[in-house]
Structure formats: C-alpha cells, structure tokens
Amino acid sequence: MPDPDPQPPVWVSVLLDWQNIYKCARDAFGLTDEGSIAGTIDPLKLARHLTSSVSPDGRLQEVRIYRGRPDNVKDSIGYAAWRSQTAAWKSTMGESLIERYRDLKYRGDEVMEKGIDVWLAIDLVKLAMDKEVDRAIVVSSDTDLLPAIELADEISGGPFVEVAGWVGDHPSAAILSVDGVPRRQLGRTLYERFRDETDYNLSLRVRKKSGWDAQIQAEGRVRRQS
C-alpha cells in the first residue's frame, strides 16, 4: 500500500497586541512590584509556540507586532530604546516580522497609544478576506477586538481565528471568548520560557540584563526610579 498523501502545512499569522501582552503578564503573574522589565517577552518564541499548538504541520508565516512608537524629539531616549529592540527583532525574524507601529501621542505629561487596536482589527478581517494564511492567532485581552474576531470568524467560515492570553488571578488577564473560536491559555511556566530581560536602553556594547525604564516610560507607563 502506498503511503497516504502528507498533510499540507498550516500557515499561521500571529498578531501581538504588544502593550496589552506586557500589562496582562504583569497583572496575571503578580509582577507589578518587580522591575519595569518584568512582563516583557520574546515575540518569536511566543509565536513559534502558538504555531506548534495549532497543528503538527503548523508553519509560522508572519509575526505582526502592534505597538506605539516614541517621538525622537520629545523622547529621544525612549526612541533609541524602541529602535534597538526593533532592530533585534528584525535580526531574528527577518521578513516574517510585520511592523505595525503608530506614533505615540503626547499631551502634557501624558503619553497615549492610539489606534493600535483598530489597526489590529482591520488586519485580522483583511487576513480572513484575503485567505493569505490558514490561521490567525490574536494575542490580546482587549475586549474592543471582539467584534473584529467575530467578523473574521464569520467571513472565513472557520476554523481560522484563535485567541491567546495569559491566565492568572487578575481580571485583566482573562482570555477573550468568542463562540467557536479556540482559546490558548498561557500560564506562568510559558511566561518564564518566553520572557526577555534584555535592556534595550543600553548600547549593544554595554547591554546587560537589567531594567528597561526608558522604553516603559515611552509607552506611557511610570518610570521606576533606581
């Protein structure tokens, strides 16, 4: 008997709501009293894990990262840290990295991230319409994304959309829930596997595992004093 035809690969797009992932990890695992770097993860490691959970034949096609970009004039330190981290991602992910960055908004001492969830929602629906990938995994606990997830699932006819998120005791760490859409739980053990302690505020020559205050401040959070 001839061997059965091999299963075709399942091509996966992973969409990362970067700020939401960071905040929810800190809340879910009680990291809010630790240094500002706690909660940061390696996006490629996370994306590869999620891809392998879809199917033994899963293939990671792209990693889309949605986040705010500091202004080089208003926050040169934060901008330099953002550039350093982005360069590190490009070196490991190459063309599979899809950059989705919007300029942060500055209003007095307040720094705001605007339009990120809308951009992710638009991309998700477009992926469902264009059918350029077999599966799209949304990593976020932002309930504003629910209508887009529901629409993408309806357009694709399923299975197409999956959601993933950190699981913990804090309410903000709850995984999004849509009927018929698979949910991937990310616990503390997985966070420890994916965590990134690189200090992108330091130059490559002196970079070490420490804090990441400049980037955290650039994304609108409180800078912790050393």
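The values are calculated or read from the model by the stated rules, or taken from the named source; none is laboratory data. Worth saying up front: this structure is predicted, and the values here are computed from it rather than measured. With ideal geometry, Cβ positions are generated from the backbone for all residues, glycine too; neighbour counts draw on all protein chains shown.
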So residue 145, is it closer than 30 Å to residue 7 by Cα and not basic (Lys, Arg): no
Residues satisfying the stated conditions in segment 1-52, i.e. assigned to a helix (DSSP H, G or I), at pLDDT 95 or above and charged (D, E, K, R): 45, 48
Failed item, numbered, when residue 89 is tested on (1) in contact with a Phe, Trp or Tyr (Cβ under 9 Å, 6 or more places away or on another chain); (2) under 22 Å from residue 199 (Cα atoms): (1)
Matching residues, segment 123-156, being closer than 22 Å to residue 8 by Cβ, free of Cβ contacts under 8 Å to residues at least 60 places away in the same chain and buried (at least 16 other Cβ atoms within 10 Å of the Cβ): 128, 152, 153, 155, 156
Positions within segment 141-174 being in a strand (DSSP E or B) and either touching a Ser or Thr at 6+ places or on another chain (Cβ under 9 Å) or within 20 Å of residue 26 (Cβ to Cβ) (or both), in sequence order: 162, 163, 164, 165, 166
Subset of segment 1-56 (residues that are over 25 Å from residue 132 (Cα atoms) and of a type in the set (Gly, Ala, Ser)): 25, 28, 30, 35, 36, 38, 39
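Matching residues to (1) surrounded by 14 or more Cβ atoms within 10 Å (Cβ to Cβ); (2) modelled with pLDDT of 95 or more; (3) within 22 Å of residue 11 (Cα to Cα); (4) of a type in the set (Phe, Trp, Tyr):
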| position | (1), (2), (3), (4) |
| --- | --- |
| 79 | yes, no, no, yes |
| 106 | yes, no, no, yes |
| 113 | yes, no, no, no |
| 121 | yes, yes, yes, no |
First in segment 16-44 and hydroxyl-bearing (Ser, Thr, Tyr), second anywhere and assigned to a helix (DSSP H, G or I) and modelled with pLDDT of 90 or more, Cβ under 7 Å, 6 or more apart: 32/26; 40/22
Positions within segment 91-113 being of a type outside the set (Ser, Thr, Tyr), farther than 14 Å from residue 65 by Cβ and assigned to a strand (DSSP E or B), in sequence order: 103, 105, 107, 110, 111, 112
Options 47, 38, 28; residue that is more than 20 Å from residue 101 (Cα to Cα), surrounded by 22 or more Cβ atoms within 10 Å (Cβ to Cβ) and not acidic (Asp, Glu): 28
Test set (1) in contact with a strand residue (DSSP E or B) (Cβ under 6 Å, 6 or more places away or on another chain); (2) within 30 Å of residue 189 (Cβ to Cβ); (3) part of a loop (DSSP other than H, G, I, E, B) - residue 74 fails condition number: (2)
Test for residue 97: is it closer than 23 Å to residue 142 by Cα and not hydroxyl-bearing (Ser, Thr, Tyr): yes
Residue match in segment 175-190 (condition: in contact (Cβ under 8 Å) with a residue 60 or more places away in the chain and either closer than 30 Å to residue 76 by Cα or in a helix (DSSP H, G or I) (or both)): yes
